[in-house]
Amino acid sequence: MRRLAGLLVVPLLLLSTAACGSDDKASDSASSKNGMPAITAGAKFGEKPTLAKGKGDPPKELKTEVISEGDGAKLKNGDAIQVNYLGQSWDSTKPFDNSFDRKQPFDLTLGAGMVIQGWDKGLVGQKVGSRVQMVIPPALGYGDQGQGDIKPNATLVFVVDVLKATQIPASAKGSEVAQDNIDLPKVGTKTDGKAPTVTIPKSDPPKKLVSNYILESDGAVIKESDSVVVNYVGLVWKGGKQFDSTYAQGKTQTFPLAQITLKGLKDGLIDKKVGSRVLLVIPPDQAFGDKAQQSIPAKSTLIFAVDILAKM
């Protein structure tokens, strides 16, 4: 299946992206605190931190330290969270990645396996508004494979600012909207958290983008600047073959809309309401055009049934 995450300009998932290099240098002479590399500059929440090099052998277990505690809710598995972070190897003075320079916080669903295990384990129970430092052993990081600039068997150090957290419902909920156009796919309205059915008509697909409510909620309106948490199923109109489904993966996806390159998908979600289920029919000129994409033939019309579960 083609993963929708591949439709982002720059996928930001820590499990799948090469680390971004940085020229920032940290002091390697500062003393460590509680066995962790010291933050030598930018120690306050919201500031880009500078980390010292780790001293001696790194810990073999996951270590977390709350640098400053926020007063928000405690994070739980299944929450959609937004963070800023800086990452550095234990034996290095050079960060391998940070979101502060990109000026784009990182969105993820906690406990969904979107990130390295050390993040999923170390952030559970932390409060929104907190700055947390984590030292992550290789077994909970990138192991003996490494990743980009990260060497195999590297111990990783992260400073993470927890900006937001949202509880994610199992399904969209709202008022059913009549599906009375016989030339459009019919989408199921069950709200049991399972993938909705999609029945494709035998007629030719529409030539213009379709973005229709199936279940209309009274939630906030989505803007292009938002990140959205969604469940979805995607199909090719001709033949009805499914090419992607978050339900099959067993986890939601979180996307910054501004970074989605599939024009019809982005345009179809903007101005829709959080909590709703939406049918999108995307013509080729707003999808992949005359270029085939793995299991998606060239000049394909695409169908999405999307539950907009939250926005960040």
Query raised in the report: Using the Karplus equation 6.51 cos²θ - 1.76 cosθ + 1.60 (θ = phi - 60°), what ³J(HN,Hα) coupling, rounded to whole Hz, does each residue of segment 264-280 give in order, writing x for Gly and Pro?
Result: x, 5, 5, 4, x, 8, 4, 6, 7, 9, 4, x, 9, 10, 10, 9, 10
Report task. For segment 117-122, just list the computed ³J(HN,Hα) in residue order, Karplus coefficients 6.51, -1.76 and 1.60, θ = phi - 60°, integers in Hz, with x standing in for Gly and Pro. Result -> 4, x, 5, 4, 7, x
Query - Computed lengthening from Lys48 to Lys74, 0.36 nm per intervening residue step minus Cα-Cα distance - result: 7.0 nm
Query raised in the report: What ranking, highest mean first, results for peptides 141-153, 263-275 when packing means the other Cβ atoms within 10 Å averaged over each residue?
Result: 263-275, 141-153
Query - Cross-link pairs Lys94/Lys127; Lys202/Lys241; Lys207/Lys266; Lys190/Lys251; Lys272/Lys311; Lys53/Lys76 - those with Cα-Cα distance over 22 Å - result: Lys94/Lys127; Lys53/Lys76
Query - Order of exposure, largest accessible area first, which applies to Ser217, Ser99 with probe 1.4 Å - result: Ser217, Ser99
**Report entry** Per-residue HN-Hα couplings for segment 195-208 [Karplus 6.51, -1.76, 1.60; θ = phi - 60°; Hz; x = Gly/Pro]
**Finding:** 4, x, 6, 9, 10, 9, x, 7, 6, 6, x, x, 8, 10
Report task. Could you tell me, in Å, what Rg and Dmax come out for the Cα atoms of the chain? Result -> 21.5, 71
**Report entry** Residue-count net charge about Val274 - beta-carbon cut-off 13 Å; Lys, Arg +1, Asp, Glu -1
**Finding:** +1
Report task. Only residues of segment 184-225 count here: report those whose backbone N is under 16 Å from the spot 7 Å along Cα→Cβ of Tyr247, or say none. Result -> 185-200, 214-215
**Report entry** Normalised contact order of segment 162-262, rounded percent, pairs of Cα under 8 Å and 6 or more residues apart
**Finding:** 24
Query raised in the report: Relative to the present Cα-Cα distance, how much length would full extension add between Lys190 and Val66 at 0.36 nm per residue of separation?
Result: 40.4 nm
Query raised in the report: Where a Cα-Cα gap under 14 Å defines reach, which aspartates and glutamates qualify for Lys74, not counting those fewer than 8 residues away within the same chain?
Result: Asp120, Asp161
Report task. Work out, step by step, the length gained on full extension between Val177 and Lys238: first 0.36 nm times the residue separation, then minus their alpha carbon distance; give nm to one decimal. Result -> 19.4 nm
Report summary line: By accessible area (1.4 Å), largest first, Tyr85, Tyr213 order as Tyr213, Tyr85
Report task. May I ask you to rank Leu262, Leu163 by accessible area, largest first, using a 1.4 Å probe over the protein chains only? Result -> Leu163, Leu262
Requested in this report: Run the numbers on the chain and let me know its relative contact order in percent, using alpha-carbon pairs under 8 Å that are six or more apart.
Outcome: 18
Report task. Would you mind checking which residues have amide H under 5 Å from Leu309's amide H? H placed 1.01 Å from N; only 5 or more apart, or other chain. Result -> Val229, Val230, Asn231, Gly275
Query - Amide H contacts of Gly72 (H built 1.01 Å from N, under 5 Å, at least 5 apart or other chain) - result: Val128
Query - Cα centroid separation - segment 72-106 against segment 200-254, whole Å - result: 29
Query raised in the report: Rounded to the nearest 500 deg cm²/dmol, what is the calculated helix-only ellipticity per residue at 222 nm for the chain, with -39500 (n - 2.57) per DSSP H run of length n ≥ 4?
Result: -1500 deg cm²/dmol
Report task. Please tell me the relative contact order of segment 207-302 in percent, rounded to the nearest whole number, where contacts are Cα pairs under 8 Å and at least six residues apart. Result -> 39
Report task. Tell me which residues come under 5 Å, amide H to amide H, from Thr40 once H is placed; ignore anything under 5 positions away on its chain. Result -> Thr50, Leu51, Ala52
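The values are calculated or read from the model by the stated rules, or taken from the named source; none is laboratory data. What you are looking at is a predicted structure, and each value in this text was computed from that prediction instead of being measured. Ideal geometry is used to build each Cβ from the backbone, glycine not excepted, and the neighbour counts take in all protein chains shown. The protein model used for the area step is the full one, side chains on, heavy atoms only, and it has no ligands, DNA or RNA in it. Shrake-Rupley method; radii C 1.70, N 1.55, O 1.52, S 1.80 Å.
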